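Novice: Here's a structure for you.
The values are calculated or read from the model by the stated rules, or taken from the named source; none is laboratory data. Quick caveat, the model's predicted, so the values are computed rather than measured. Heads up, the Cβs are rebuilt from the backbone with ideal geometry, glycines too, and the neighbour counts pull from every protein chain shown. Quick note on the areas: whole protein, heavy atoms, side chains included, nothing else; ligands and nucleic acids left out. Shrake-Rupley method; radii C 1.70, N 1.55, O 1.52, S 1.80 Å.
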Amino acid sequence: MTGIRFDSVSVAYHGNTVLDSLDLTVEPGEVMALLGPSGSGKTTALRAVAGFVRPVAGRVLIGGRDVTDLPPHRRGIGMVVQQYALFPHLKVAENVAFGLRAQKAPKAGIPARVAEVLELTGMAAYAGRYPRELSGGQQQRVAIARALAIRPGVLLLDEPLSALDATLRSGMLAELARLHRELPEVSILYVTHDQVEALTLADRIAVMDRARLQDCGTPQDLYRRPSTEFTASFVGQANLLPVSVAEDGVRFAGRELVLDTGRAAPGAGATLCVRPHVLGLGEGPNALRGKITEVQWRGSTHRLYVDVDGHRVTAELPELRETPALGDEVTLHFAPQDAVLLAAGAGDG
Ligand code: ADP
């Protein structure tokens, strides 16, 4: 079984640090998503594992072995990028066989292995076609088959679904989850800026921003207990409300709140993270009163935007019988265990 370890890995281009001392371990068989906005260093981290960029500091380990100085083809990895990158002049089967030939795998075993991975990715019927005769989704399946052909311990996926349209993307997402169930020993590092992909596929998510790892945890942990404002707003939607913390409690807009959390020191300013869907309409603990500034009907839910003391609060409510009107006064509330207090300054580094 093969895991990946980043040991204080830094990468710089022309003296500009784009990956700053990354420490991260992907356990054998784990799916780790690298999630973050464009330019945060995700692809660079992946390329450091693949061997396409050389860290200026730190080490990359695959299966416990330091591979920092190994060329890409000797690292035992499979890689799939956004733009399929199939060879246009080779048929599907030849594309898939390419890595095996490059590795000088015994010739006699190649056709069987090619058939096996094409079967695995649902492309067995297309072995004799050229890439141009396939849809985008099919081409991406071939790219995945090609990456898996060499039986890599590590699979690197760089935005593999972003060139596909929305319907295909959700189908491929389910397909990738199935593939991982069938190949539980393969560790997957999955670069994406799409939180739905990360939440759906990953065992853990590493949140990146501005060349640094900001947070790492299971999707549930990051969603329910984010440790920074950046994570709170990047993983799911969040109302981030400035609160003041004193010995006797937490206040927002001059009102006392009842919370379960105790991360911030008394006296400090802090931010309260309340997810839109935990808000209820009507009186309750932790009441937030304000005027409705926008109403969106979204089929199964109503989304209300409410101005509470100058702060915009978003509430996602199960579909209401009567659509509230703009300008209506409403009260929202949330349970003490449904909010997280983030210490001031968290996420600013
Ligand atoms: P992400 O994958 O999160 O979008 P990248 O790792 O691709 O981010 O890029 C991180 C930063 O490094 C960006 O500012 C990008 O412009 C820069 N960068 C990436 N590749 C190169 C390169 N080959 N030469 C110079 N700068 C690069």
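Novice: Go through the stretch 246-322 and name the GluC sites (Glu not before Pro) that are in a DSSP coil and have 10 or fewer other Cβ atoms within 10 Å of their Cβ.
Specialist: When the GluC sites (Glu not before Pro) of the stretch 246-322 are filtered for loop state and at most 10 Cβ neighbours within 10 Å, Glu247, Glu283, Glu322 remain.
Novice: Continuing with this model, one more query. Where does the chain land on Rg(C-alpha)/(2.2 N^0.38 Å)?
Specialist: 1.18
Novice: For the chain, report the accessible area per residue in Å² (1.4 Å probe, heavy atoms, rounded to an integer).
Specialist: About 46 Å² of surface per residue is accessible.
Novice: Let me ask something additional. Please report the antiparallel percentage of DSSP beta bridges with both residues in the stretch 4-229, rounded to the nearest 5.
Specialist: 50 percent
Novice: Taking θ as phi - 60°, what are the ³J(HN,Hα) couplings along the stretch 61-77 by the Karplus curve (6.51, -1.76, 1.60), each to the nearest whole Hz, with x for Gly and Pro?
Specialist: 10, 10, x, x, 9, 6, 10, 3, 9, 8, x, x, 6, 9, 9, x, 10
Novice: Give the relative contact order (percent, whole number) for the chain; include only Cα pairs under 8 Å separated by 6+ residues.
Specialist: After rounding, I find 16 percent.
Novice: Can you tell me the mean projection area, over all orientations, of the convex hull of the stretch 88-201's alpha carbons? Units nm², please.
Specialist: 7.1 nm²
Novice: Place the peptides 34-44, 173-183 in order of packing, highest mean first, counting for every residue the other Cβ atoms within 10 Å and averaging per peptide.
Specialist: Top to bottom by mean Cβ count within 10 Å: 34-44, 173-183.
Novice: Rounded to the nearest 20 Debye, what is the dipole magnitude of the chain about its Cα centre when Lys and Arg each give +1 and Asp and Glu each give -1 at the C-beta?
Specialist: Roughly 1720 debye, rounded to the nearest 20.
Novice: In whole Hz, with x marking every Gly and Pro, tabulate ³J(HN,Hα) for the stretch 133-150 from phi via Karplus 6.51 cos²θ - 1.76 cosθ + 1.60, θ = phi - 60°.
Specialist: 8, 10, 6, x, x, 5, 4, 5, 4, 5, 4, 5, 4, 5, 5, 7, 4, 7
Novice: May I ask you to list the lysines whose Cα is less than 22 Å away from that of Lys104, ignoring any residue fewer than eight positions away on the same chain?
Specialist: Lys91
Novice: Amide H neighbours of Ala339 under 5 Å, at least 5 residues apart or on other chains, H built in the peptide plane: list them.
Specialist: The list, which skips near neighbours in sequence, is Asp260.
Novice: At a probe size of 1.4 Å, how large is the accessible area of Asp7, to the nearest 10 Å²?
Specialist: Rounded to the nearest 10, the figure is 40 Å².
Novice: With all protein chains present, how much of the accessible area of the chain (probe radius 1.4 Å) comes from carbon and sulfur, to the nearest whole percent?
Specialist: Reported share for carbon and sulfur atoms: 50 percent.
Novice: Which aspartates and glutamates have a Cα lying under 17 Å from the Cα of Lys107, excluding residues fewer than 8 positions away in the same chain?
Specialist: Glu94, Glu116
Novice: So which trypsin sites (Lys or Arg not before Pro) in the stretch 218-309 pass both tests, a DSSP loop state and at most 10 other Cβ atoms within 10 Å of the Cβ?
Specialist: Arg298
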